[in-house]
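Peer 1: Input: one structure, supplied below.
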Amino acid sequence: MEAEPPLYRVAGAAGAQGDEDRLGVPDGSGAPLDELVGAYPNYNEEEEERRYYRRKRLGVLKNVLAASTGGMLTYGVYLGLLQMQLILHYDETYREVKYGNMGLPDIDNKMLMGINVTPIAALLYTPVLIRFFGTKWMMFLAVGIYALFVSTNYWERYYTLVPSAVALGMAIVPLWASMGNYITRMAQKYYEYSHYKERDEQGPQQRPPRGSHAPYLLVFQAIFYSFFHLSFACAQLPMIYFLNHYLYDLNHTLYNVQSCGTNSQGILSGFNKTVLRTLPRSGNLIVVESVLMAVAFLAMLLVLGLCGAAYRPTEEIDLRSVGWGNIFQLPFKHVRDFRLRHLVPFFIYSGFEVLFACTGLALGYGVCSVGLERLAYLLVAYSLGASASSILGLLGLWLPRPVPLVAGAGLHLLLTLGLFFWAPAPRVLQHIWILYVAAVLWGVGSALNKTGLSTLLGILYEDKERQDFIFTIYHWWQAVAIFTVYLGSSLPMKAKLAVLLLTLLAAAASYLWMEHKLQRGLVPRQPRIPRPQHKVRGYRYLEEDNSDESDAEGEHGGGGGGLGDGVEEEVAPAGLRPGPEPGGLGRRPCPYEQALGGDGPEEQ
């Protein structure tokens, strides 16, 4: 009886057609391996690589937009809440009815002190925190501290407001230093992903040409500061849609005000102690604070979910492995760089001018003459002018580098001179258009100042090993300037304008002198970044690559232990140059050899 054929063919067995199937492809052990595991027949490696790097570039743009939006929402919520809180607490009736004899003005003074004084110590801990947590996680934690400050306003007491204000003061410099570092790193990564073919040809260890990322940095900083300056307009939304409905008009609040503008003394001298026509309900206040809290939480989610890492994991490890003592010292060691020393007056002026826009111009000239109910619209004009003018930072793509920064300083110089001789009359609205024009023009100067400084730092200091130190120094000097304004808030307006004018002139002259030095070819002196010292198990003195050696002992140009950019290297005369050491002579003696007093195994 003939055997029935199997229902399913046995793998590898020859069928009726032999070792080939119906398509003519060999089956069984003779089948070609490429047919099974080979590349896809229509696979185009170059096209797939292009698509991969295009996705990487879109990811970088997403990171920039997410960080910019998160910074705008965070600062807008902080400024809006602080402004509304100070106005409510200023009203005498509100304090007596809501809080009795709790001493709310004293709590507000200590809260402002915590916000303005605490950043003075930020230079000691900011680089350590950024290296410990990483740039992205430092941004997230700092935004979370801002959200914590918002949440404490649900229960306004000394033990909630003051500690949260101190924590907020500690987070100010780390937040904006990590933001500046993050935007600069995104520009460098965008350049890498746009020129990946050149990078493959040069090799992964080869650094890109100096200044190659500058066009992308100009664009990204313009985007970031366009969003950042919108935060001043966002901060006025609680005023416009909520608090303005409860305010007295200017005839009541400015009844005892005698002088404004350049003739004023302190902040709003003679301003009425009652500014609220009716007291807002507690339920309405809770709704407004809940909206602000939700926006702060949204900013946290944006930074956490949409912002990618600024460095690769191995780069993060290398940045931390230079030693915590070195990380602590390096911001101070960068003082030897003449470029930073020349830019310090501009850092200080950058803090002065933004505080003057919010207090001197908006309060001393605006509220003092046209009333508290128009404060929000003046700051919106400043915000929109600054946000739109941040695009002017792109002029650096075609003009010489000093032009945008000096143009912003020149515009502020003309405005300061004009304000020095202008004293608007109280309760007169005929000159309100001058206030709006001055606010918009001051915003234009602020935008050129902020975008110019951040772009300049990103171009001068391209090394990823030192960018967080540079932006820490920049924002720390800004915090020092803000603290100085806080101390001098009771000075006459003429004294404030004189200090602002002198700082501006010193900043512009110092910056132009720095550019002149660079054009003459002077090489800046930068501190060395130590080589990463990774923790390993076993006897470290047995390693061929001694990670504990100093820069003078190691070979120049290797990794992070090489010379910094522009550092002058002392070259020994030809007759005194040491030749290459024989293999094995360069290692350190082990502890047993040190105990015997010898210099190593080769000692005779």
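Peer 1: Would you grab the residues whose amide H sits under 5 Å from the one on LEU276? Only those 5+ places off in sequence or on another chain, please, with H modelled 1.01 Å from N.
Peer 2: Answer set, sorted by chain and number: TYR248.
Peer 1: Once the convex hull of the alpha carbons of region 310-363 is built, what does its volume come to per residue, in cubic angstrom?
Peer 2: Cα convex hull per residue, to the nearest whole number: 131 Å³.
Peer 1: Also, quick follow-up: Going by average Cβ neighbours within 10 Å, how do the peptides 298-308, 360-370, 316-326, 139-149 rank, with the highest at the top?
Peer 2: Top to bottom by mean Cβ count within 10 Å: 360-370, 139-149, 298-308, 316-326.
Peer 1: Would you mind giving the average projected area, over all directions, of the Cα convex hull of region 180-309 in nm² with one decimal?
Peer 2: 13.3 nm²
Peer 1: While we're looking at this one, here's another question. Taking 21 Å as the cut-off for C-alpha to C-alpha distance, list the pairs among LYS110/LYS494; LYS62/LYS189; LYS56/LYS450; LYS56/LYS136; LYS464/LYS517; LYS62/LYS136 that go past it.
Peer 2: Result: LYS110/LYS494; LYS56/LYS450; LYS464/LYS517 exceed 21 Å.
Peer 1: In whole Hz, with x marking every Gly and Pro, tabulate ³J(HN,Hα) for region 265-270 from phi via Karplus 6.51 cos²θ - 1.76 cosθ + 1.60, θ = phi - 60°.
Peer 2: Computed from phi, the couplings for region 265-270 are 10, x, 10, 6, 5, x Hz.
Peer 1: Indicate the gyration tensor shape class of region 206-265 (rounded, prolate or oblate), computed on the Cα atoms with a ≥ b ≥ c the square roots of the eigenvalues: a/c under 1.5 is rounded; otherwise a/b larger than b/c is prolate and the rest oblate.
Peer 2: Verdict is oblate for region 206-265.
Peer 1: Send over the semi-axes of region 113-177's equivalent ellipsoid, whole angstrom and largest first, taken as the square roots of 5 times the C-alpha gyration tensor eigenvalues.
Peer 2: So the three semi-axes of region 113-177 are 22, 14, 7 Å.
Peer 1: Related question: Between TYR159 and LYS197, what length in nm is gained on full extension when 0.36 nm per residue of separation is reduced by their alpha carbon distance?
Peer 2: 7.9 nm
Peer 1: Translational diffusion coefficient, Stokes-Einstein: compute it for region 389-454 using the Kirkwood radius over C-alpha pairs as Rh, at 10 °C and 1.306 mPa s, and state it as an integer in µm² s⁻¹.
Peer 2: 122 µm²/s
Peer 1: Let me ask another. Which of rounded, prolate, oblate describes region 276-421, given a ≥ b ≥ c as roots of the alpha-carbon gyration tensor eigenvalues and a/c under 1.5 marking rounded, otherwise prolate only if a/b is larger than b/c?
Peer 2: Because a/c hits 1.5 or more and a/b fails to exceed b/c, region 276-421 counts as oblate.
Peer 1: Next question, about the same structure. How big is the gap, in Å, between the Cα center of region 300-323 and the Cα center of region 447-463?
Peer 2: Between the Cα centres of region 300-323 and region 447-463 lies a distance of 22 Å.
Peer 1: Among GLY396, GLY360, ALA376, whose Cα lies farthest out toward the positive end of the dipole of region 256-400, if unit charges sit on the beta carbon of Lys, Arg (+1) and Asp, Glu (-1)?
Peer 2: It is GLY360, whose Cα lies furthest towards the positive end.
Peer 1: Something else: Where Lys and Arg each count +1 and Asp and Glu each count -1, what net charge lies around ARG95 among other residues with Cβ under 13 Å from its Cβ?
Peer 2: -4
Peer 1: Compute the distance in nm between two label points, each set 7 Å from the Cα along the Cα-to-Cβ direction, one at PHE421 and one at LEU522.
Peer 2: It works out to 3.6 nm between the two label points.
Peer 1: Moving on to the next point. At 10 °C and 1.306 mPa s, what whole-number value in µm²/s does Stokes-Einstein give for the translational diffusion of region 464-533, with Rh from the Kirkwood sum over Cα pairs?
Peer 2: Estimated diffusion coefficient is 103 µm²/s.
Throughout, read-outs are computed from the coordinates displayed, never taken from laboratory work. Keep in mind it's a predicted model, so treat the numbers as computed, not measured. Note that each Cβ is placed from the backbone with ideal geometry, even for glycine, and that neighbours are counted across all protein chains shown.
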